[in-house]
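Data first, discussion second: the structure below is written as structure tokens.
Laboratory data are not the source of any read-out in this text; all were calculated from the coordinates shown. None of these values were measured; they are calculated from a predicted model. Using ideal geometry, Cβ is built from the backbone for each residue, glycine included, and neighbour counts are taken over all protein chains shown.
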Amino acid sequence: MGQPIRPGYAEKGFVVFVLLIALGAFQNLQVTGPIETQNMGMAWMQILWSILYLITWLLYSRSCGNPFRTLFVVSPLIVVVAFAFVSVIWSQDPWLTARRSIALALTLVFGVYLGTRFNLREQFRLLAGAFAICIIFSFLFELVGMNASDPEVPGWYGIFEIKNHLGQNMALSAIVFLFWKKVEPRHRALAIAGFLASVILLALSIAMTAIMVFALLMLLLPYLRWMLRKSRRTVALATSFLVTALVAAGLYSITHLQEVTTFLGKDPALTGRLPLWIVSVAMALERPWLGYGFDAFWLPNQTYTARIWHLMNWMPPQAHNGIIELWLSLGLLGTGIFLIVFAYYLAKALRYWRRNPGPGSAWPIIFLAFLFLMNLTTAFFLANNSFYFMLYVAIAIAISTKRSGIPRPNCRGGADYV
């Protein structure tokens, strides 16, 4: 094929721009409008994403000798996306489900492009660049009073629509800078500065889920490193112990909900999430096996939506739990498919880490753990135009093409992941 063509500054700038848009940056400027508009979509945002995905496909096709074949490296995720497409058949809004399923498929394409075009060091540079912009402008917006924060709700919003978005993004940002420091030691000073700034913004957001998830992962990382040096039998025992401890902690939290929430500074209803979960599960039981169609439940033109919003006394745009949201969208069948695929990639990420001693080899499993834990109180497991789904796909590419029996995609510029 000849000498690989490395990505230029314009291409990298384009990727950073897409990552920022996918992160929801600057949504505090009301780019998405009120909740009713968000749930139905905005025409100009749809046009913008269409242009971005067209450019993505052109770049991806140019860098890959066989782009369609490369997509099937992540065939398990394609099965999940295909099921979302099929849900058009029973969706209560087939056109909306079809449109959002197409957007989900294009989000997957961007993830494949990111994972095949850029190696690990380049990916961390791009992520660090996107998060650095978020950090700088979040401080700027808060200090000059440009944020849309509710004065009655403590916590910074930064350049995001709500404080939870700032919290979850800064939690991941801190992890990215932590890994970047190891992957590229020559950028150690910048990485440490980014890590500290991310942690400060995370604390200022007062987003307790993000803070707890970040703290848990910081404790989990050395435990996983210890497991890495042990035999398979020890790993199995240590994993069993870890799972048992997490289940025990979950059961204790449920049976001592008031004590736990008081300790965390929350009310026992978890800021309205607990009654929302109960109502959402009740609605999921109305259509348990196939759900209401991909991304077609929280529609403002549905009678039940208005009733739920009235009952909750607020307007949730999602179930605030990734599994419940999947159940509402794709039923038990689709949720089962997603969780099986997720467990498959989790196992591959752990195997990948044990077989590759590189400084960034723990990144896939830590990201997947972050993704799962954050979805306990919010819902972005399977979302179109989502930064997190893009990264999920890029990581799936990495752990599926390195020492796994699957040939590395024939793409210029993305060799040597670690």
**OP:** Could you tell me the largest-minus-smallest coordinate of the C-alpha atoms of the stretch 128-200 on each of the three principal axes, in descending order and whole angstroms?
**Re:** 42, 20, 16
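Provide the packing ranking of 274-285, 101-112, i.e. peptides ordered by the mean count of other C-beta atoms within 10 Å per residue, highest first. Walk me through the numbers on the way to the answer.
Details: 274-285: 16.2, 101-112: 22.0.
Sorting 274-285, 101-112 by mean packing, highest first, produces 101-112, 274-285.
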**OP:** With a 4.7 Å Cβ cut-off, tell me which Cys residues in the chain come up empty for a partner.
**Re:** 134
Subject >> Alpha-carbon Rg with Dmax, taken over the stretch 326-400, Å >> reply: 12.8, 40
**OP:** Alpha carbons only, please: Rg and Dmax for the stretch 88-157, in angstrom.
**Re:** 18.8, 50
Original post:
According to a simple spin-label model (label point 7 Å from Cα along Cα-to-Cβ), what is the distance in nm between residue 340 and residue 45?
Top reply: 3.3
**OP:** Decide, for the stretch 41-172, between rounded, prolate and oblate: order the square roots of the alpha carbon gyration tensor eigenvalues as a ≥ b ≥ c, take rounded if a/c falls under 1.5, and otherwise choose prolate if a/b is larger than b/c, else oblate.
**Re:** oblate
Original post:
If each Cα of the stretch 156-268 is one equal point scatterer, what is log10 of I(q)/I(0) from the Debye formula at q = 0.13, 0.14, 0.19, 0.23 Å⁻¹?
Top reply: -0.67, -0.76, -1.07, -1.16
Original post:
Across the Cα atoms of the stretch 211-362, what radius of gyration and what greatest pairwise Cα-Cα distance (Dmax) are found, in Å?
Top reply: 19.3, 56
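As an exercise, find the ratio Rg/Rh for the chain from alpha-carbon atoms, using the Kirkwood inverse-distance average for Rh. List each step's numbers first, then the result.
Working: Rg = 20.9 Å, Rh = 22.2 Å.
Result for the chain is an Rg/Rh of 0.94.
Using a cut-off of 10 Å between beta-carbons, work out the net charge of the residues near residue 295 (Lys and Arg +1, Asp and Glu -1, residue 295 not included).
Details: positive: 99, 100; negative: 93, 325.
Every neighbour counted, the sum reads 0.
I want to verify the translational diffusion coefficient of the stretch 57-106 in µm²/s; compute it with Stokes-Einstein, Rh as the Kirkwood radius over Cα pairs, at 4 °C and 1.567 mPa s. Present the calculation step by step, with values, prior to reporting the outcome.
On the way: Rh = 12.0 Å.
Translational D for this selection: 108 µm²/s.
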Original post:
With no solvent and one point per C-alpha, what does the Debye sum give as log10 I(q)/I(0) for the stretch 267-328 at q = 0.15, 0.16, 0.24, 0.29 Å⁻¹?
Top reply: -0.40, -0.46, -1.05, -1.46
Subject >> Euclidean distance of C-alpha centroids, the stretch 58-104 and the stretch 197-239, integer Å >> reply: 32
